[in-house]
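The values are calculated or read from the model by the stated rules, or taken from the named source; none is laboratory data. These numbers come from a predicted model, not from an experiment. Positions of Cβ are backbone-derived with ideal geometry, glycine not excepted, and every protein chain shown enters the neighbour counts.
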């Protein structure tokens, strides 16, 4: 099942409700927010449907990239606000977290916290709310990533591998960018994987996309 970036909110809530507890050795270590570089200049403010089924509504959101400048993986949390032309806040952005590998970049979708459209919003103020070195290695990884052109867009594919003995439910995401490097779309798929298994995934980018990649969101065992 493939859905657009804003619909991810409902799926994240369901996954978080069933998240397993971590042991003391899994406790993360905080690092300075300066270890994360947010690409403010190319942030893409949009409005689209958020959620699905009875929770569906139209809302404002921003797609923005964050780069991990640290030598280790980081669990990064971004948040912020939607601003009008005078710089006044019209609404807050619901915080979102992603694991970013050392030297890597991940595309965030930050949605209005009230799931509302903010017609007067012209830009977003995005802040690094937290950056932590995780105390555990990821059990689910992306392998065999590939990108190819399909007319005026790109298509990305990969295999998602569960290295654990236990089954896992994981959010698989695609990030697409235009010729200027601006994030333009972030579809996702909810995937169930038995222990020690893998599964192929594919995302089709929008017209005008020139690059793309596959990455992972929350995983629940």
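Can residue 127 be described as closer than 21 Å to residue 67 by Cβ and either in the same structural domain as residue 93 (by the TED database) or surrounded by 19 or more Cβ atoms within 10 Å (Cβ to Cβ) (or both)? Yes. If you go through region 187-199 and keep only what is more than 19 Å from the chain's Cα centre (by Cα) and either part of a strand (DSSP E or B) or within 17 Å of residue 156 (Cβ to Cβ) (or both), you end up with 193, 197, 198, 199. Within region 157-165, not a single residue is touching a strand residue (DSSP E or B) at 6+ places or on another chain (Cβ under 6 Å), part of a strand (DSSP E or B) and without any contact (Cβ under 8 Å) to a residue 24 or more places away in the chain.
Residue 181 - would you say it is within 20 Å of the chain's Cα centre (by Cα), modelled with pLDDT of 95 or more, part of a loop (DSSP other than H, G, I, E, B) and surrounded by fewer than 18 Cβ atoms within 10 Å (Cβ to Cβ)? Full working, then the answer.
Numbers: within 20 Å of the chain's Cα centre (by Cα): yes; modelled with pLDDT of 95 or more: yes; part of a loop (DSSP other than H, G, I, E, B): yes; surrounded by fewer than 18 Cβ atoms within 10 Å (Cβ to Cβ): yes.
So residue 181 fits the description; yes.
Any residue at all in region 1-20 that is at pLDDT below 95 and in a strand (DSSP E or B)? Checked region 1-20: at least one residue is at pLDDT below 95 and in a strand (DSSP E or B).
Which residues, counting only those in region 108-144, are part of a loop (DSSP other than H, G, I, E, B) and either over 21 Å from residue 164 (Cβ atoms) or within 15 Å of the chain's Cα centre (by Cα) (or both)?
Filtering region 108-144 for residues part of a loop (DSSP other than H, G, I, E, B) gives 113-122, 134-139.
113, 114, 115, 116, 117, 118, 119, 120, 121, 122, listed by residue number.
Does any residue of region 47-67 turn out to be under 13 Å from the mean Cα position of the chain (by Cα) and over 21 Å from residue 181 (Cα atoms)? No: zero hits. Among the candidates 221, 108, 188, the residue that is touching a residue at least 12 places away in the same chain (Cβ under 8 Å), in contact with a strand residue (DSSP E or B) (Cβ under 6 Å, 6 or more places away or on another chain), surrounded by 19 or more Cβ atoms within 10 Å (Cβ to Cβ) and over 28 Å from residue 84 (Cβ atoms) is uniquely 188.
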